[in-house]
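The values are calculated or read from the model by the stated rules, or taken from the named source; none is laboratory data. In this text the structure is predicted, and so the values were computed from the model without any measurement. Methodologically, a virtual Cβ is constructed for each residue, glycine included, from the backbone with ideal geometry; neighbour enumeration extends over all protein chains shown.
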Amino acid sequence: MSSQEPKRKFKLSLYCTKSEFELLQSQINVIKTESKKSSTEVINSALTLYSAGLSQKEVEINQSCDKKTSEEPVLLTSPSAINNLNSIVSLHNATCTNCVNMVASQTTGYATSFTVKCNICDFDYMWNSSLQLPNGMDLINMRVVHSYFTSGMIPSQLERFSDCLGAGTIGKNKMQTFVNVFSEVVAAERQLSCENAISQEVQASESPEGIDIITDARDGTQSSRMLCA
Ligand SMILES: [Zn+2]
């Protein structure tokens, strides 16, 4: 619209209840205050988004893959992390109808952070494929390493598995950090498990002096193994 065109006052009639009109008016005022847009721009943006939503309903999303997409790197993530991505995209779509792009910016082990960006507006947000644990470590990396430790795989098998999958890899130094973290936790759990088992046997014993175990550690009880260690 040309800036030279003289402005005139037009009336827009709405068929609704008074409370509905007041709610609409207050919402327009909030958007006007936050974005410093005129009433016309606010209504125009809302109608543009509405019509874009209508046209998007007719778009078919292709969920099959071809040769090129079948060879893309695999991304490990979790439903909650995907919900975060959905919130980021919704945040953008509230003010802009353009599609956002995702560009991988950093990979840490099996977790990747992406820049979610719009080429039209100045929207720019960082999304991580992994949630973070309270100790700052990536949940995805912890889950993969935990699965690796309990699988019985040897390092060369994990290396081949990761190369073939293309979802990331963990270097030797980083893996040693995980080994240290898990070793501490497993040692503490083992000690607690043995102490609990002995405590249960002492409580179950009929002798006032407790238990007197003579064993060559070939039985499967935790307490016997600990006493003979
Ligand atoms: Zn945008």
**Report entry** Qualifying residue in the range 62-81 (condition: modelled with pLDDT under 85 and over 16 Å from S130 (Cβ atoms))
**Finding:** yes
Query raised in the report: Of the numbered conditions (1) surrounded by 11 or more Cβ atoms within 10 Å (Cβ to Cβ); (2) modelled with pLDDT under 95; (3) assigned by TED's automatic domain parsing to the domain that holds S90, M126 satisfies every one except a single condition; which is it?
Result: (2)
Query raised in the report: Among the helices (runs of 4 or more DSSP H) confined wholly to the range 60-155, which include 1 or more residues that are within 15 Å of the ligand (Cβ to nearest atom)?
Result: 79-93
Report task. Consider only pairs whose beta carbons are under 6 Å apart and that are at least six residues apart or on different chains; among these, list those whose first residue lies in the range 182-195 and is surrounded by 11 or more Cβ atoms within 10 Å (Cβ to Cβ) and whose second residue is assigned to a helix (DSSP H, G or I) and among the aliphatic types (A, V, I, L, M). Result -> C194/M226
